[in-house]
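The values are calculated or read from the model by the stated rules, or taken from the named source; none is laboratory data. Remember, predicted model here, so these are calculated numbers, not experimental data. When we count neighbours, we look across all protein chains shown, and the Cβ atoms used for this are built from the backbone with ideal geometry, even at glycine.
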Amino acid sequence: MNIVFLDRETLSPQTVLREPSFTHQLHLHGRTSPAEVHGRIADADIIVVNKVRLDQAAIAAAPRLRMVAVAATGTDNVDIAACRERGIVVSNIRNYAVNTVPEHTFALIFALRRSICAYRDAVRTGRWQASGQFCFFDHPIKDMAGSTLGIIGDGVLGQAVADLGRALGMRVIFAGFKGHSGQGMLYTPFEKTLAEADILTLHCPLTPETRNMIGAPEFALMKRRPLLINTARGGLVDEAAVGPALEAGQIGGAGFDVVSVEPPPADHPFMRLADRPDFILTPHVAWASDEAVQGLADQLIYNIEAFVRGEPRNVVGA
């Protein structure tokens, strides 16, 4: 069995990638450019991929291919329809980030809610000495308890974020689908969520329906100047609209771990916000605790072994 991992460097170097238990040849490539894909997968029975794109042409260039093992939850880089047409199984990783993503979400929330970055920068520039007393009050500090946490996405991660919010004494509401009504008592209409939330956090997939689901019209509905947190997928928010929303005071701050283009180019709108005390951008690392990445790697090998046994698991679209 010929296994080709196209982008091993997307997993941390300290992560142990266990050898599969069956007879195989494992070819590890740190990175693979688009021009290198076809040559590297020509004889592959199983392709392991995280972010490298496998389009219809790439699938056609791998005549022996039987399985695509995605080393992530998202599979938008793989042409699922082309795989289905060929009878190729696509599996993904599930529920491995149930601690790390919610914790990173709240790290961003705490940092912004208590102006941690702003106060740290102020101390660095001598503001504490200049204040002449034991503390100073240049930036807002707000408690979590009693505030409203609006969550878009009620899957495993959204529910875990809700649990943390409730433990902190927050009122938690889940947004209904944008443009839909009558979704029952468990959901707050999308527009009402925007109006009532003190903190709005995204935990939904990127689909044609959710792309740019928050933009200038939605920012105008945010009456309580909430924090906006996105640790889900780049593209859920109209990124060009975030800066103007901060400038206009429509939101109190923004914390992003994902961008529609990663890494973002130097002229990306977010790079122009990087020095603002009310904006934090982290490099898509919410998922990347040591424990979570090791769990991902272990599950990746389990998925491959299960497929070879004839018992495929975590099959996308099944």
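Condition check ((1) modelled with pLDDT under 95; (2) more than 20 Å from the chain's Cα centre (by Cα)) across all residues:
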position: ALA160; (1), (2): no, no
position: ILE173; (1), (2): no, yes
position: LEU186; (1), (2): yes, yes
position: LEU202; (1), (2): no, no
position: THR207; (1), (2): yes, no
position: ALA216; (1), (2): no, yes
position: VAL242; (1), (2): no, no
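Here is a check on your reading of the model: is ALA72 within 30 Å of ARG211 (Cβ to Cβ) and exposed (fewer than 14 other Cβ atoms within 10 Å of the Cβ)? Break it down into steps so the answer makes sense when it comes.
On the way: within 30 Å of ARG211 (Cβ to Cβ): yes; exposed (fewer than 14 other Cβ atoms within 10 Å of the Cβ): no.
Against the criterion (within 30 Å of ARG211 (Cβ to Cβ) and exposed (fewer than 14 other Cβ atoms within 10 Å of the Cβ)), ALA72 does not qualify.
On the given criteria, is ALA266 buried (at least 19 other Cβ atoms within 10 Å of the Cβ) and in a loop (DSSP other than H, G, I, E, B)?
Working: buried (at least 19 other Cβ atoms within 10 Å of the Cβ): no; in a loop (DSSP other than H, G, I, E, B): yes.
No: the conditions fail for ALA266.
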Conditions (1) assigned to a loop (DSSP other than H, G, I, E, B); (2) in contact (Cβ under 8 Å) with a residue 40 or more places away in the chain; (3) farther than 16 Å from ARG113 by Cβ; number of the one not met by ARG224: (3)
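Sort through ALA130, ALA162, ALA167 and tell me the only one that's under 15 Å from PRO102 (Cβ atoms) and exposed (fewer than 14 other Cβ atoms within 10 Å of the Cβ). Lay out the reasoning, then the answer.
Values: ALA130 fails: under 15 Å from PRO102 (Cβ atoms); ALA162 fails: exposed (fewer than 14 other Cβ atoms within 10 Å of the Cβ).
None of the others qualify; the one that does is ALA167.
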Flag for ALA220 being aliphatic (A, V, I, L, M), at pLDDT 95 or above, out of contact with any Pro (no Cβ under 6 Å at 6 or more places or on another chain) and over 25 Å from PRO265 (Cβ atoms): yes
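Kindly indicate whether ARG113 is more than 23 Å from the chain's Cα centre (by Cα) and either surrounded by fewer than 20 Cβ atoms within 10 Å (Cβ to Cβ) or at pLDDT 95 or above (or both).
Values: more than 23 Å from the chain's Cα centre (by Cα): no; either surrounded by fewer than 20 Cβ atoms within 10 Å (Cβ to Cβ) or at pLDDT 95 or above (or both): yes.
No: the conditions fail for ARG113.
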In the stretch 283-318, the residues that are closer than 15 Å to GLU103 by Cβ, β-branched (Val, Ile, Thr) and surrounded by fewer than 16 Cβ atoms within 10 Å (Cβ to Cβ): VAL285
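Of the residues ALA145, ALA130, which is at pLDDT 95 or above and not in a loop (DSSP other than H, G, I, E, B)? It would help to see each step written out before you state the result.
Numbers: ALA145 fails: not in a loop (DSSP other than H, G, I, E, B).
Answer to the check: ALA130.
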Filter pass, ARG313 being out of contact with any Asp or Glu (no Cβ under 7 Å at 6 or more places or on another chain), of a type in the set (Lys, Arg), in the same structural domain as ALA118 (by TED's automatic domain parsing) and at pLDDT 95 or above: no
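I'm trying to understand the selection: among the residues of the stretch 237-261, which are assigned to a loop (DSSP other than H, G, I, E, B) and touching a residue at least 60 places away in the same chain (Cβ under 8 Å)?
So the first thing to find is which residues in the stretch 237-261 are assigned to a loop (DSSP other than H, G, I, E, B), and the list is 238, 248-252, 257-261.
Selection gives GLY252, ASP257.
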Residue count for the stretch 87-105, restricted to those that are free of Cβ contacts under 8 Å to residues at least 60 places away in the same chain and crowded, with 16+ Cβ neighbours inside 10 Å: 1
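Of everything in the stretch 52-72, what is under 18 Å from ARG31 (Cα atoms) and touching a residue at least 60 places away in the same chain (Cβ under 8 Å)? Give them in sequence order. Give the derivation first.
We begin by selecting, within the stretch 52-72, every residue under 18 Å from ARG31 (Cα atoms); these are 52-55, 58, 68-72.
The answer is ALA69, VAL70, ALA71, ALA72.
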First in the stretch 15-28 and aliphatic (A, V, I, L, M), second anywhere and outside any strand (DSSP E or B) and loosely packed, with under 15 Cβ neighbours inside 10 Å, Cβ under 8 Å, 6 or more apart: LEU26/GLU19
